[in-house]
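Notes follow once the structure below has been shown.
The values are calculated or read from the model by the stated rules, or taken from the named source; none is laboratory data. The structure displayed is predicted, hence computed values, not measured ones. Glycine gets a Cβ as well: all are built from the backbone with ideal geometry, and neighbour counts include every protein chain shown. Just so you know, the surface numbers come from the protein's heavy atoms only, side chains and all, with ligands and any DNA or RNA stripped out. Shrake-Rupley method; radii C 1.70, N 1.55, O 1.52, S 1.80 Å.
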Amino acid sequence: MSLELLVPATLKTLIDPLSQKDIISAGVVQGLTITHEGKVSFSLEVNTEYMKEGIKLKEKAESLLSQIQGISGIQIALTTQRKVHSNTPLRKGIPEVKHIIAVASGKGGVGKSTTAVNLASALAQLNLKVGLLDGDIYGPSLPRLLGISQKPTSDDGKMINPIIAHGLKCMSFGLMIGEKMPAIWRGPMVQSAFQQILWQVKWGELDILVLDLPPGTGDIQLTLSQRVLLSGVIIISTPQDLALADARRGLEMFRKLEIPILGLVENMSYFLCPHCKGRSEIFEHGGVRKEAQSLGIRLLAEIPLHMAIREASEKGTPIANSETPESMVYHALAQKIWENLN
Ligand code: ADP
């Protein structure tokens with residue numbers, strides 16, 4: 001194959017973390033030139049906010065191209081010309097917070113909050129400074145899952161102090177207004193409440209802030225993704241097809257918004273019997289894995305349906321805080337995510 005075909009085909013194997021498309025189709029590679037002598041040059045156009053990912057892409061491209069026979073020189077310029085979306089308002093981070101990740105699901109009841117709480121707790125056990133924001137305005141579950149009920153305080157009447165529980169800095173609408181949301185809170189009010197809580201909590205220095213998003217793909221998720229500089233999103237799905245179809249909708253939304261998809265987590269993947277310790281595939285197993293493959297995203301974890309996980313949640317102590325076999329899956333998930341971000 002000639003270099004004119006081989007070089008773009010090789011570059012096509014690299015995925016742009018922003019759009020999740022290959023870097024040629026995503027327009028990240030610009031000005032590709034291949035001389036008669038086999039000198040290859042081009043620029044990689046990334047966004048300033050995604051410079052770190054850009055550096056990784058450049059290294060990967062260099063390494064792949066250097067293995068092709070006939071290439072005598074490689075010159076890759078990394079530029080920050082690229083616009084995320086011309087009509088997207090600027091995304092903001094939080095001072096002193098290194099990474100903000102969102103935990104999303106296409107619908108409720110799939111174990112999104114359980115996963116978010118256990119993931120945050122497992123990340124904290126990696127010696128990271130972790131925050132957790134329960135963004136489920138209509139059904140906040142963090143107070144219950146972490147066993148906290150105290151009302152948040154403020155030193156200056158402006159910034160809210162997070163509640164420290166199980167080594168996490170936490171905040172939830174449930175702590176501020178009780179578990180029942182006034183029904184008149186709709187649309188824009190809810191969106192502004194979400195942003196207020198996000199930026200008005202005194203998070204301090206954090207390695208990672210985990211946002212437990214409300215279920216679905218409504219306006220709250222959309223606005224949040226457009227305003228907040230997310231390092232990535234994790235999508236939680238159960239094995240049933242319906243949940244998958246919902247998860248796929250979520251995935252499409254985040255892709256359109258060019259939020260890096262860290263991967264999919266299959267929750268209630270199989271049943272672990274607390275008595276006989278046997279494993280039963282109550283749903284057809286492997287569906288989410290296949291789906292993840294065909295969608296080109298990683299399957300980050302397969303979490304079993306286990307009584308101990310629910311019981312720990314009910315006691316207000318995340319299972320990830322215990323040294324049980326059931327907690328291991330969350331530790332492996334946390335490890336993968338942290339590696340992925342760095
Ligand atoms: P969501 O946030 O998606 O609405 P929750 O995290 O509140 O879902 O979980 C719904 C219910 O399922 C809760 O009772 C929770 O304890 C239970 N649950 C979630 N994941 C598991 C699991 N892997 N094993 C056992 N029970 C689970």
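Over the residues of segment 97-341, compute the C-alpha Rg and express it relative to 2.2 N^0.38 Å.
Details: Rg = 17.1 Å, N = 245, 2.2 N^0.38 = 17.8 Å.
Expressed relative to 2.2 N^0.38 Å, the Cα Rg reads 0.96.
For segment 281-332 and segment 211-280, write down the distance between their C-alpha centroids in whole Å.
The two parts, judged by their Cα centres, are 12 Å apart.
For segment 3-79, calculate the relative contact order in percent as a whole number, restricting contacts to Cα pairs under 8 Å that are 6 or more residues apart. Walk me through the intermediate numbers first.
Values: 109 pairs, mean separation 23.4, N = 77.
Reported relative contact order: 30 percent.
In debye, nearest 20: dipole of segment 3-79 around its Cα centre with unit charges on the Cβ of K, R (+) and D, E (-)? Numbers along the way, then the final one.
Details: 7 positive and 9 negative charges, 19 e Å.
The calculation lands at about 100 debye.
Express in whole angstrom the spacing between the alpha-carbon centres of segment 109-124 and segment 130-176.
Segment 109-124 and segment 130-176 have Cα centres spaced 15 Å from each other.
Find the relative contact order for the chain and round it to a whole percent, using C-alpha pairs within less than 8 Å whose residues are 6+ positions apart.
On the way: 651 pairs, mean separation 65.6, N = 342.
Reported as a whole number, the value is 19 percent.
Of the DSSP beta bridges with both residues in segment 3-79, give the percent that are antiparallel, rounding to the nearest 5.
Working: 5 of 12 bridges.
In segment 3-79, DSSP labels about 40 percent of beta bridges as antiparallel.
For the chain, modelled as a GNM with alpha-carbon contacts under 10 angstrom, which of 235, 208, 177 fluctuates the most?
177
Output the antiparallel fraction of DSSP beta bridges having both residues in segment 97-341, as a percent to the nearest 5.
Working: 6 of 37 bridges.
Percent antiparallel among DSSP bridges in segment 97-341 is about 15.
Carbon and sulfur: what percent of segment 97-341's accessible surface (1.4 Å probe)?
Details: 5550 of 10280 Å².
Here it works out to 54 percent.
Among 213-220, 193-200, what's the highest-first ranking by average C-beta atoms within 10 angstrom per residue?
On the way: 213-220: 19.6, 193-200: 16.8.
So the peptides 213-220, 193-200, ranked by packing, come out 213-220, 193-200.
Beyond 20 Å between alpha-carbons counts as too far, so tell me which of 52/290; 52/92; 112/336 fall in that bin. If you can, show how the numbers build up before the last one.
Numbers: 52/290 30 Å; 52/92 17 Å; 112/336 18 Å.
From 52/290; 52/92; 112/336, over 20 Å: 52/290.
Any idea what the dipole of the chain comes to, in debye rounded to 20, about its Cα centre with Lys/Arg Cβ at +1 and Asp/Glu Cβ at -1? Show your work: numbers first, answer last.
Details: 35 positive and 33 negative charges, 87 e Å.
Result for the chain is approximately 420 debye, rounded to the nearest 20.
Restricting attention to segment 1-56, which trypsin sites (Lys or Arg not before Pro) occupy a DSSP loop and are surrounded by at most 15 other Cβ atoms within 10 Å?
Within segment 1-56, the qualifying trypsin sites (Lys or Arg not before Pro) (loop, at most 15 other Cβ atoms within 10 Å) are 12.
Which GluC sites (Glu not before Pro) from segment 18-84 combine a DSSP loop assignment with at most 14 other Cβ atoms within 10 Å? Each step should come with its number before you reach the end.
On the way: sites: 37, 45, 49, 53, 59, 62; in loops: 37.
Taking segment 18-84 and a limit of 14 other Cβ atoms within 10 Å, the loop GluC sites (Glu not before Pro) found are 37.
Just name one of 335, 160, 232: the one whose Cα is farthest towards the positive end of the charge dipole of the chain (beta-carbon charges, Lys/Arg +1, Asp/Glu -1).
The Cα lying farthest towards the positive end belongs to 160.
Pull up the cross-link candidates among the aspartates and glutamates for residue 151, meaning alpha carbon to alpha carbon under 18 Å and not fewer than 8 places away within one chain.
Cα-Cα hits under 18 Å: 134, 136, 179.
From the cross-link list 169/277; 12/256; 202/256, which pairs have alpha carbons spaced over 23 Å apart? List each step's numbers first, then the result.
Numbers: 169/277 35 Å; 12/256 20 Å; 202/256 31 Å.
In this structure, 169/277; 202/256 lie more than 23 Å apart at Cα.
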